[in-house]
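Undergrad: To start, I am sharing the structure in question, which I have written as structure tokens.
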Amino acid sequence: MRAVAPVTGPKVLRIGLVQGGKVIEERVIKQRTHVTIGPSEKSMFVIPSKSIPPSFRLFELVGGEYFLNFLDGMTGRVAFKAGVSELSALKSSAKRAPASNGNAYQVQLSEEARGKIVIGETTFLFQFVAPPPVQPKPQLPVSVKTGIANDIDWTTTIIAAFSFLFHFGAVGSIYSDWMDPVVDDEVDVAALLESVKQLPPPPVVEQPKENADAPAASAAPTAEAPKAAGGGNKGAAAGPAKGSGGMSDARASALTNELAQLDMQMLGALNSSGNATASVLSSGDVPTGLLENAAASGSGVGKGGVAGLNMGGAGGGTVRPGAAGGGGLASIGNTGASGPATAGSAQTVKGPVGNAQVGGAAVSGGSVSNAPSIVAGMTAGFRRCYNKGLQEDPSMKGSVRITAKIGPNGEVISATPSGGSGLSGTVVSCVVARVQSAQFAPPEGGGATVVIPVTFVSQ
């Protein structure tokens with residue numbers, strides 16, 4: 001460690017602050033400057049005294065020499081080379097301080113001077129001492145100053161860094177496209193077109209020779225087709241005329257009428273009780289689609305028609321469903337007989353009706369002049385509450401007691417229900433709301449309590 005060199009130069013002030021017989025602060029003024037005291041926070045020594053200015057220069061540095069400034073209210077003594085003198089004795093030889101310090105006395109101090117200054121309950125002790133040695137600037141230990149840079153093996157670090165750069169560069173070059181060949185789309189399309197042009201032509205497919213006998217063979221089934229169709233009608237028609245000519249219109253109309261008559265005969269036979277129309281409709285063996293087709297066909301029959309079908313009505317002509325007159329099939333779908341049928345008239349069924357019975361109101365705590373009449377007027381409101389509840393539960397009935405507290409102006413401060421067995425919460429809440437909306441006469445004594453019993457019975 002280096003030795004601290006002694007400091008040479010003028011002495012500095014050493015000041016001690018004494019309060020209540022104890023030194024509460026001691027300070028060495030290393031920098032030769034003014035020493036200020038007072039109640040201001042800007043003073044070097046802050047003391048709670050109103051007899052001195054906010055920042056009074058007790059020791060003032062003038063031309064490199066210290067001077068002691070004191071006021072009339074200060075006491076103390078100062079020791080010089082010649083001896084010890086009281087502050088009161090120094091006033092005659094002291095000179096007046098500048099106006100900025102007020103009415104003060106100023107005495108020059110030498111480096112051998114020492115003494116005390118008493119200001120109220122605070123005492124300042126001072127003397128001149130050699131300046132303290134300059135402390136060396138704190139320095140960090142060598143281990144800390146070297147840092148982490150001195151512990152790094154730079155050779156290995158540089159080799160590892162170049163290795164990482166080489167490997168990552170190689171991987172990046174593999175996945176990049178800068179080494180891929182340049183693709184020219186126009187050249188590729190032109191080469192593709194040239195390759196298509198150079199394709200060989202497709203081979204020629206030889207068509208098979210047609211058989212000369214095929215038209216004759218295919219004409220034979222065509223000629224036989226009408227015969228097969230004609231044979232399906234159980235010999236009703238002898239078939240078309242021989243030769244290459246087609247069926248005439250008269251022959252086709254005759255075949256159509258015969259087929260319609262066969263449908264009628266089959267319709268009359270499709271039942272378990274005979275061929276009567278009533279039996280056909282009663283047993284339901286015949287599909288209604290066949291009846292509709294039969295009635296809509298142009299070959300419909302009248303009364304006593306084919307296969308004994310009773311189509312209803314008199315006379316000839318085609319019978320249609322729903323035609324007026326007669327019986328049998330003619331009356332099917334007739335909508336103009338005796339007017340539309342009805343399902344009866346609707347009747348509204350009324351629900352139960354409730355009644356509210358209000359007992360005598362019991363008044364306590366004060367007299368309310370109109371309590372009976374106000375409570376009697378609530379009956380209609382109670383009845384409406386009960387009838388609303390009967391819409392939800394027709395069998396509801398019961399009683400409840402409402403305790404109402406009346407305020408000084410006759411208003412209802414609170415309404416509390418009790419009992420309420422058999423009644424729903426909706427009815428009880430409605431009754432309480434009706435009581436809370438009431439207005440009584442101002443009670444005597446400033447307040448009262450009214451108990452209202454209500455009984456609900458359905459009629």
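The values are calculated or read from the model by the stated rules, or taken from the named source; none is laboratory data. All values derive from a computational prediction rather than experimental measurement. Please note: Cβ atoms are built from the backbone with ideal geometry, for glycine as well, and neighbour counts cover all protein chains shown. All accessible areas refer to the heavy atoms of the entire protein, side chains included, with ligands and DNA or RNA removed. Shrake-Rupley method; radii C 1.70, N 1.55, O 1.52, S 1.80 Å.
Undergrad: How about segment 350-453: which helices (runs of 4 or more DSSP H) wholly inside it have at least 3 residues that are in contact (Cβ under 8 Å) with a residue 60 or more places away in the chain and open to solvent by less than 60 Å² (accessible area, probe 1.4 Å)?
TA: 371-377, 379-392
Undergrad: Right, here's the next one. If I filter segment 99-111 down to residues being open to solvent by 30 Å² or more (accessible area, probe 1.4 Å) and in a helix (DSSP H, G or I), which single residue comes out as modelled with the highest pLDDT?
TA: Top of the filtered list is Ser100.
Undergrad: With the condition kept exactly as written, say whether any residue in segment 77-98 is buried (at least 17 other Cβ atoms within 10 Å of the Cβ), at negative phi and assigned to a strand (DSSP E or B).
TA: Yes.
Undergrad: Those residues that are at pLDDT 85 or above, part of a loop (DSSP other than H, G, I, E, B) and open to solvent by less than 60 Å² (accessible area, probe 1.4 Å), I need them from segment 1-32; list them, please.
TA: Ile29
Residues checked against (1) among the β-branched types (Val, Ile, Thr); (2) more than 16 Å from Gly16 (Cβ to Cβ); (3) at pLDDT 90 or above:
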position	(1), (2), (3)
Asn69	no, yes, no
Thr75	yes, yes, yes
Ala82	no, yes, no
Glu86	no, yes, yes
Leu90	no, yes, no
Lys95	no, yes, no
Gln127	no, no, yes
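Undergrad: Name the single residue that is least open to solvent (accessible area, probe 1.4 Å) among those in segment 44-76 being over 26 Å from Lys30 (Cα atoms) and of a type in the set (Ser, Thr, Tyr).
TA: Ser49
Undergrad: Among the listed residues Val118, Val142, Val171, identify the single one that is closer than 25 Å to Glu26 by Cα and either modelled with pLDDT under 90 or open to solvent by less than 90 Å² (accessible area, probe 1.4 Å) (or both).
TA: After ruling out the rest, the residue left standing is Val118.
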